[in-house]
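The values are calculated or read from the model by the stated rules, or taken from the named source; none is laboratory data. Since we're looking at a predicted model, the values are computed, not measured. FYI the Cβ positions are ideal-geometry reconstructions off the backbone, even for glycines, and counts take in every protein chain you see.
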Amino acid sequence: MSNLAASPSSTILLVDDEPDILRTLQLILKSEGYRIDVTSTGASALEAIKEHPYDVVLLDVGLPDMDGLLVLEKMTGYSPDLPIILLTSFTSLESVIGPLEAQGAFAYLHKPINRLEVKTTIRYALKAHSMAKKIEQTHHSLMESEIRFQAVFQTATDAIVLANHTGHIMAWNRAAELMFGYTADEVLGQPLTIIMPSRYREDHIQWLDRVNKKRETDVIGKKVALHGLRKNGQEFPIALSLNSWTTGSYPSYSGFIKAVQESN
């Protein structure tokens, strides 16, 4: 089955004041299994798309109450992802109104109506609309995941530091701010060495180079006793749990850090 096949739930709005054109389009589209709504004025068409979630609109350029291009502009304002196909008697509408993408239209169809052209254009418009909805759903899912991650990340009792393969800080939670004395704005993009005593820094740079080249995992997933360095220059003992993950060609790192109470 073609991936351009009609969905039984697809609803199309026809906007034209010519009865013969409307009858022809209704016969063509109903035979394809679409649900059809019909209106003959720009005003009623604008009200219709506010009230109903149409999948495609076929819009006549010449309407009795208002310019079809004005209707197009208002429709795209209400529903930017809605495919709108213009109906026109002009041989080349683009030569009159300019590029379709600049107007917000998906395509245009000539009158008199060509049955095959109508079916094909509608199917491509429905495919485009379906893809746009999937992209929007994916975007919302990613946003929700990001919100959940931030909620856990920022409320964690451990200091959490995320760094890229070059050892520069990508994320820094509130517990890290309290522990080290730096705000996130002060450390984002800075090297991890900013929170290390100077005696650790050379070993850290060499270890990072080995891991990036050979994927060594000698301390990945283990808890290590070290010292951290606060913004005020104070050293303090910490327990570091280091993890890594790979996206693309290079690893990234997450450090979970606890301050350790020094024994007397």
I'd like the residue in region 152-211 that is in a helix (DSSP H, G or I) and of a type in the set (Gly, Ala, Ser) and, out of all such residues, is farthest from Gly255 (Cα to Cα).
Ser198
Regarding Lys119, is this residue on the phi < 0 side of the Ramachandran plot and under 12 Å from the mean Cα position of the chain (by Cα)?
no
All positions within region 244-264 that are surrounded by 14 or more Cβ atoms within 10 Å (Cβ to Cβ) and at pLDDT below 85
Ser244, Pro251
Here are Ser95, Ser10, Ser44, Ser79: which of them is over 18 Å from Pro112 (Cβ atoms), at pLDDT 90 or above and of a type in the set (Gly, Ala, Ser)?
Ser44
Output the residues belonging to region 53-73 that are in a loop (DSSP other than H, G, I, E, B), within 28 Å of the chain's Cα centre (by Cα) and at pLDDT 90 or above.
Tyr54, Asp55
Residue within region 144-167 that is in contact with a Phe, Trp or Tyr (Cβ under 7 Å, 6 or more places away or on another chain) and without any contact (Cβ under 8 Å) to a residue 60 or more places away in the chain present:
no
So, in region 98-128, exactly how many residues are buried (at least 19 other Cβ atoms within 10 Å of the Cβ) and at pLDDT below 75?
0
